[in-house]
Ligand SMILES: Nc1nc2c(ncn2[C@@H]2O[C@H](COP(=O)(O)OP(=O)(O)OP(=O)(O)O)[C@@H](O)[C@H]2O)c(=O)[nH]1
Ligand SMILES: [Mg+2]
């Protein structure tokens, strides 16, 4: 595994892809990858890009890659599909939208589904991000569709979270309700070529100012991802946020907090694995039949099942 990582660091893409596949699948290989990668990461600027379906995340990510490359850095993109265990149409679309980068060795793009493995993204996304970081990419961008808990999970994989909205997307109250104000370090109003962009910027700025005298008030950046307009400004803001995190010590605190959350998620995932194991076999079958027949309540049956397994 350490050899694979060395190969990946030397620019061997198939080796990197193999490491990511192991992480994605979970299980013993994923654990080994995690332990090998863990001490060798932390240098990358990691950015999560989230927002509603169709907000322009992939187009923006592609434009951001161009800007990062223009500045001479390497970038890896992890496009996470939380909704489906299959590689669906959205990912195919991403391939096409990001196609301009296929011949560029300095850009690595990978889509990841959770394949239903226990713990899902909360467990896989941080590991995958670390693999890309350890492989030596200066920037790691994680794109994910915002659907409730998922964006929060993915926010837990990166140092900076960008929330993409569109003109006419709604008022400030909606942003506050959706919990986006809490997770966003930067807001992007993409599709600024459409009517209502200025209103969206104004509403968001108003709501963000209510956050009080925080050390970092999330900037609101207007972009037209399809033309690249505003993307240099976004890159500049991302640099500024990274510097802010480092200078204030917030980078270390955030990472410590995320490590704690990740540990919780891993413990929960492993317990869930164990629970799945308990729900099979003769003891399970006997209790299940009694509960199904109405002869036993589920709590008593669960006690019997839990009591029958050796603690480990
Ligand atoms: N007019 C306009 N269209 C845009 C802009 N950015 C993206 N689009 C278009 O919006 C559509 C969706 O863009 P994507 O980049 O696929 O959006 P996404 O958020 O990645 O979508 P999902 O991954 O499916 O959630 C595409 O047809 C883009 O060409 C923009 O700034 N202006
Ligand atoms: Mg997309």
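Values in this text are rule-based calculations from the coordinates and carry no lab data. Remember, predicted model here, so these are calculated numbers, not experimental data. When we count neighbours, we look across all protein chains shown, and the Cβ atoms used for this are built from the backbone with ideal geometry, even at glycine.
Structure notes:
- When peptides 34-43, 214-223 are sorted by average Cβ neighbour count within 10 Å, with the highest value leading, the order is 214-223, 34-43.
- Highest mean first, the peptides 10-19, 200-209 sorted by other C-beta atoms within 10 Å per residue fall in the order 200-209, 10-19.
- Length released on extending from residue 28 to residue 271, taking residue separation times 0.36 nm less the Cα-Cα span: 86.0 nm
- Rounded FRET efficiency, nearest 0.05, which uses the C-beta distance separating residue 199 from residue 248 and R0 of 30 Å: 0.40
- The label-point distance for residue 295 and residue 256, in a model that sets each label 7 Å from Cα toward Cβ, rounds to 5.6 nm.
- Residue 43-residue 206 FRET efficiency (beta carbon distance; Förster radius 41 Å; 0.05 resolution): 0.65
- Three-way shape call for the stretch 197-294 based on the alpha-carbon gyration tensor, with the a/c threshold at 1.5: prolate
- Full-extension gain in nm, residue 35 to residue 286, via 0.36 nm per residue minus C-alpha separation: 86.4 nm
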